[in-house]
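What follows is one structure encoded as structure tokens, with my remarks underneath.
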């Protein structure tokens, strides 16, 4: 139900089946980085909820974007972009790990999980995936 830009900020971390007659559904997370070192300059006239544009988009007039929904915020807003800055290298590797996990290629999944944890050693979903595979000694159960 989310816009394409919003969906692209989510990370699929599991698949569950709620009822036998339904297709499996994805479980997603929205990753946040609270370690962003860059200090944000808040304009004096800023009101809570207003967009603070990234420096490279400072000259763009956002009024033309506002009637098109919130998609523009996932590109222009320094908060939304900054909160996920740390995961640009991490996400593709996690996607490979998750895909291999779902397909039963747990050796490949394990290698990619290790790479993920080298980049982000406190990531809960990656650690949970690793623990789950460890429980089964890295052999997919039937």
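Among the candidates 79, 121, which residue alone is within 27 Å of residue 2 (Cα to Cα) and either within 21 Å of the chain's Cα centre (by Cα) or at pLDDT 70 or above (or both)?
The match here is 79.
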**Asked** Of the residues that make up segment 13-21, is at least one within 21 Å of residue 86 (Cα to Cα), surrounded by fewer than 13 Cβ atoms within 10 Å (Cβ to Cβ) and either at pLDDT 85 or above or within 17 Å of the chain's Cα centre (by Cα) (or both)?
**Response** no
In segment 89-135, residues that are part of a loop (DSSP other than H, G, I, E, B) and without any contact (Cβ under 8 Å) to a residue 12 or more places away in the chain total 4
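The values are calculated or read from the model by the stated rules, or taken from the named source; none is laboratory data. Predicted model only: the values in this text are computed from it and were never measured. Methodologically, a virtual Cβ is constructed for each residue, glycine included, from the backbone with ideal geometry; neighbour enumeration extends over all protein chains shown.
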